[in-house]
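What follows is calculated from the coordinates using simple rules that are stated; it is not laboratory data. All of these numbers come straight from a predicted model, not from anything done at the bench. So basically every Cβ, Gly included, is an ideal-geometry build from the backbone, and we count neighbours across all protein chains shown.
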Amino acid sequence: MPPRKPAAGHRPLKTLERVLSKAGFGSRTEARSWIGAGRVRVNGKLIQTPDHWVDLERDRVTLDDKPVRAGRKIYLLLYKPKGYLTTYKDPQGRPTVYDLIQDLDQWVFPVGRLDLDTSGLLLLTNDTQFAERITNPAYKAPKTYLVKTASRLGDGELEQLRRGVLLSDGATQPALVQRLRDSGNHTFLELTITEGRNRQVRRMIEAVDSSVLKLVRTAIGAIQIGELGIGKHRQLEAPEVSALTCPSGSRRG
């Protein structure tokens, strides 16, 4: 059982592994390994317990005798290709999104996930509050997808998606759905949801008796993937970050 958090009023306490991770040095897994290896000190004292509580206002933390300070905030937009995992490492050796950002000199983590067969807009950051604002269902950040279905959908099926469909974990919230075109036996549509359930778009299409052949996330809130090339990334501009963190930052009403 991890040590109980000490009473500290309003002092900013965090576990040692989180201090290292939030400062942009690496993942919490990496931080635990550094702490266990004896590379981390708090106020000059060797600490090898990742769950050791640190007072950010009073304690001095060092890694390899170098002060640990919070790094600059990073907000990255990546066009994730199909076939890449949204994880740091894969036991099977499959490519991950971190293979695409090797030029970055600070640790970032994905804001939510895109599954292996889904491509499109993925945000990465080292700002946990920003990530919470995007992923917490209470904030209802809209996420827009381009969908190619395995069969042609009629107006009735699209209306079901707009009203909400019943999934194994409950009914979905109403979605914005626009038919882009029909081609042969397929329908191309744009679908915007404000939830973040596992494989939600695929499951919604399955609920209207079809399946997804192609799925691309094209926008989160007001931020669109635009002309960014597949596998490429760029920094978000300050107005884009503000648009994502303000209630008015949705793409559509």
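Which whole DSSP H helices in the chain pass both tests: a Cα extent of 18 Å or more along the axis and a mean Kyte-Doolittle value no lower than 1.0?
Details: long enough: none.
Correct list, ordered by number: empty.
For the range 13-67, a/c is less than 1.5, where a ≥ b ≥ c are the root eigenvalues of the C-alpha gyration tensor. That puts it in the rounded class.
For the range 84-185, what class follows from the C-alpha gyration tensor (a ≥ b ≥ c being the square roots of its eigenvalues): rounded when a/c is under 1.5, otherwise prolate if a/b is larger than b/c, else oblate?
Working: a/c = 2.52, a/b = 1.65, b/c = 1.52.
It is prolate, given that a/c is not under 1.5 and a/b is the larger ratio.
Taking trypsin sites (Lys or Arg not before Pro) across the range 66-102, the ones in a DSSP loop with at most 14 further Cβ atoms lying within 10 angstrom of their Cβ are ARG69, ARG72, LYS73, LYS89.
Once R0 is set to 35 Å, what does the formula 1/(1 + (r/R0)^6) return for the Cβ-Cβ distance between LEU116 and ILE47, expressed as a FRET efficiency to the nearest 0.05? Don't jump to the answer; show the numbers that get you there.
Numbers: r = 38 Å, r/R0 = 1.09.
Efficiency, rounded to the nearest 0.05: 0.40.
This structure gives Rg and Dmax of the Cα atoms in Å, computed directly, and of [x] 21.3, 69; [y] 17.3, 51; [z] 20.0, 64 that value is listed as [x]. Remark on the range 9-119: Rg and Dmax equal 16.1, 48 Å (Cα only).
Among SER21, SER168, the order by Cβ neighbours within 10 angstrom, fewest to most, reads SER168, SER21. Among the listed pairs LYS22/LYS148; LYS73/LYS148; LYS143/LYS214, which are separated by more than 28 Å between their Cα atoms? Going by Cα-Cα distance, LYS22/LYS148; LYS73/LYS148 fall outside the 28 Å limit.
Return one quarter of the surface area of the convex hull spanned by the alpha-carbon atoms of the range 146-231, equal to its mean projected area, in nm². Walk me through the intermediate numbers first.
Details: hull surface 24.0 nm².
Here the figure is 6.0 nm², rounded to one decimal.
Here's the picture: charge each Lys and Arg Cβ at +1 and each Asp and Glu Cβ at -1 in the range 101-253, and of ALA138, VAL212, VAL165 the one pushed furthest to the positive end of that dipole is VAL165.
Farthest towards the positive end of the charge dipole of the chain, among the residues PRO81, THR29, PRO239, is the Cα of THR29, using unit charges on the Cβ of Lys, Arg, Asp and Glu. Site pair SER183 and ARG162 shows an inter-label distance of 2.4 nm when each label is modelled 7 Å from Cα along Cα→Cβ. Distance between the modelled labels on ASP64 and ARG199, one decimal in nanometres: 4.2 nm (7 Å Cα→Cβ projection). Of the residues GLU17, GLU157, the one with the fewest other Cβ atoms within 10 Å heads the list, and the complete ranking is GLU157, GLU17.
Taken about its Cα centre, the chain carries a charge dipole of roughly 460 debye when the Cβ of each Lys and Arg holds +1 and the Cβ of each Asp and Glu holds -1.
Excluding GLY231 itself, calculate the net charge of residues whose Cβ lies under 10 Å from the Cβ of GLY231, where each Lys or Arg counts +1 and each Asp or Glu counts -1.
Values: positive: LYS80, LYS232; negative: ASP99.
Computed value for this residue: +1.
Label-to-label distance, ALA171 versus LYS82, with points set 7 angstrom from Cα along the beta-carbon direction: 3.4 nm.
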